[in-house]
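Undergrad: Before anything else, here's the structure in question.
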Amino acid sequence: MVYIEVKRLKHELIKLLVVLSTLSLNHVIAEERVSFKDGLDAYQKGEYLESLRIWETLAAANDPISAHSAGVLFANGLGVTQDQAKAFTLFLQSAQADYAPAQYDVGRSYFNGEGTEVNYIEAVKWWTKAADNKNVRALYNLATLYRKGIGVPRDKALAHKYYKMAADLGDSRAKAFLAGQSDLASTSASNDLGIKREPWILRQPSERYTVQASAFTSESSALSFVKDHDLDDDIAIFRANINGKIWYKAIYKSFKTRKDALQARDKLKLRFPRQSPWVRRFEDIHAEMITMNTAGLGEYSTMDSSWSVDIEQKFQQGQSAFNVQDYSEALESWKPLADNGVAEAQYGLGFMYESGWGVEQNYSEAFAWYEKAARLGHAKSQYNLGLLYLNGFGVNKDLDKARYWIEFAASQQDTRALELIEKGLVQGQ
């Protein structure tokens, strides 16, 4: 009997514990019944950690506004270590629930590469969704993309439509743009107020990097390219002598590191799919400019003026000797020209030292001559220099520099360089 009573008592205690646990749980749940406004109140008091706790709790219950708000805290590092990837995840969660501000921020993240890879197509997709929900910032950005042809085909009519929609919703930028632009296709090349020129380029430290956006055979074409893509404040133009012809090269900004320049190059590739932007050092651009500025077409300023008349004759004399394997005569003809800055002769000497024809094979000497010619814009030398870096012949192996010089050659349509890149044989950043 006593045993039965004890057993019954234990049973009742267990039931009581279950009841108390349930009451306790209900009490906790009641305490956690917070609202978005509770998080907003904490935010306005500067209690970011508390607002984040509340909004993350609500986001876990699929509240899109709270998910977006928590993303904003992560994006700006308020109450938490800045984390763009976490912010993007929260923005996307909210955007998928059709919350317009989050759709805008997902588009912005894709456009700027914040928390995710740069993807202009996705940026357009999400800004279009936000625009459909009458998000003013998305409307304005879409208008700009269609006007500039970024991620979408250029479309003046669609650009005007989106500017008008943004203006009708009170966007001051759209109003100002429409007031000053009767023709969205205005691309006059006569006014290049924001475009930088040679003096700015020469002031850039030689160790910094830039991105060559494109090259043109006329100044007007270069200016039109800049105007068409609204790059006035970001582009510098300089002249270069390529195979006896003046070209106008457009370079994009100045970067401290190669990594920053590579990221900018990738964005430009998306903006200009028909161009082949590539990273360059200002050191090489300075050398190319100085060659152009100190020597006229077909002549080299360090030479005696009488030599400028018969440079071609002297070079061909060496070429003829080389073709019949008279390497001593070729060396004798090319060496003075190479010493005085004739890139084709420098290339010839580099090739002789690399192959060991007429001289003792010496990769270091080949490297030295190829580098001189490469810095003067000689495409074949640029390619061969890249191969030396790629294989570690005459210089320490360096994949980044190999890629740099091979891309340089490819930009000048060197078929071997283009084929190497097309086959993906030069990888890495």
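Undergrad: Percent of alpha carbon pairs in the stretch 134-186 separated by more than 13 Å?
TA: Of the Cα pairs, 50 percent sit more than 13 Å apart.
Undergrad: Suppose a student asked you for the relative contact order of the stretch 34-118, using Cα pairs under 8 Å spaced at least 6 residues apart; what percent would you report? Present the calculation step by step, with values, prior to reporting the outcome.
TA: Values: 128 pairs, mean separation 17.0, N = 85.
The normalised contact order for the stretch 34-118 reaches 20 percent.
Undergrad: For ALA236, what is the net charge nearby, where nearby means another residue's Cβ is under 10 Å from its Cβ and Lys, Arg count +1, Asp, Glu -1?
TA: Values: positive: LYS196, ARG197, LYS249, LYS253; negative: GLU198, ASP234.
For residues surrounding ALA236, the net value is +2.
Undergrad: Mind giving me the FRET efficiency for ASP228 and ASP260? R0 is 35 Å, r the Cβ-Cβ distance, nearest 0.05 is fine. Please list the in-between numbers first.
TA: Values: r = 25 Å, r/R0 = 0.72.
Approximately 0.90, to the nearest 0.05.
Undergrad: If you don't mind, another one. Given the convex hull of the Cα atoms of the stretch 305-422, what is a quarter of its surface area in nm²? Please list the in-between numbers first.
TA: Details: hull surface 29.1 nm².
Taking the Cα atoms of the stretch 305-422, their convex hull projects to 7.3 nm² on average.
Undergrad: Using every Cα-Cα pair within the stretch 198-280, state what percent have a distance larger than 14 Å. Write out the running numbers ahead of the final one.
TA: Working: 2131 of 3403 pairs.
When all Cα pairs of the stretch 198-280 are counted, 63 percent exceed 14 Å.
Undergrad: Taking the Cα atoms of the stretch 98-172, what is the range of coordinates along each of the three principal axes, in descending order and whole Å?
TA: So the three principal-axis extents are 32, 26, 19 Å.
Undergrad: Now for a different question. Taking neighbour Cβ counts within 10 Å as the exposure measure, how do ILE150, ILE246 sort from fewest upward?
TA: On the way: ILE150 20, ILE246 13.
Arranged by neighbour count, lowest to highest, ILE150, ILE246 become ILE246, ILE150.
Undergrad: Sticking with this structure for a sec: Tell me which lysines have Cα within less than 17 Å of LYS156's Cα, excluding those fewer than 8 residues away on the same chain?
TA: The qualifying lysines are LYS148, LYS164, LYS175, LYS227.
Undergrad: Work out, step by step, the length gained on full extension between LYS37 and ASP98: first 0.36 nm times the residue separation, then minus their alpha carbon distance; give nm to one decimal.
TA: Working: separation 61, 0.36 × 61 = 21.96 nm, distance 2.03 nm.
Result: 19.9 nm gained on full extension.
Undergrad: Only counting other Cβ atoms within 10 Å, I'd like GLU419, GLU198 sorted with the fewest neighbours first.
TA: On the way: GLU419 11, GLU198 16.
Placing the least packed residue first, the sequence is GLU419, GLU198.
Undergrad: For a footprinting-style exposure proxy, rank ARG281, ARG203, ARG147, ARG154 by other Cβ within 10 Å, fewest first.
TA: ARG203, ARG154, ARG281, ARG147
Undergrad: Now for a different question. Using only alpha carbon pairs under 8 Å that are at least six residues apart, calculate the relative contact order of the stretch 305-422 and give it in whole percent. Mind dumping the intermediate values first?
TA: Working: 172 pairs, mean separation 17.5, N = 118.
It comes to 15 percent, rounded to a whole number.
Undergrad: Below 25 Å, Cα to Cα, which lysines can LYS335 reach? Residues fewer than 8 away in the same chain don't count.
TA: Within reach: LYS245, LYS314, LYS372, LYS380.
Undergrad: Another question, then. So, R0 is 35 Å and r is the distance between the beta-carbons of LYS423 and GLU114; what FRET efficiency does that work out to, to 0.05?
TA: E(calc), rounded to 0.05, equals 0.60.
All of the numbers you see were taken from the coordinates with simple rules; none came from a lab. These numbers come from a predicted model, not from an experiment. All Cβ positions, glycine included, derive from the backbone under ideal geometry; neighbour counts span all protein chains shown.
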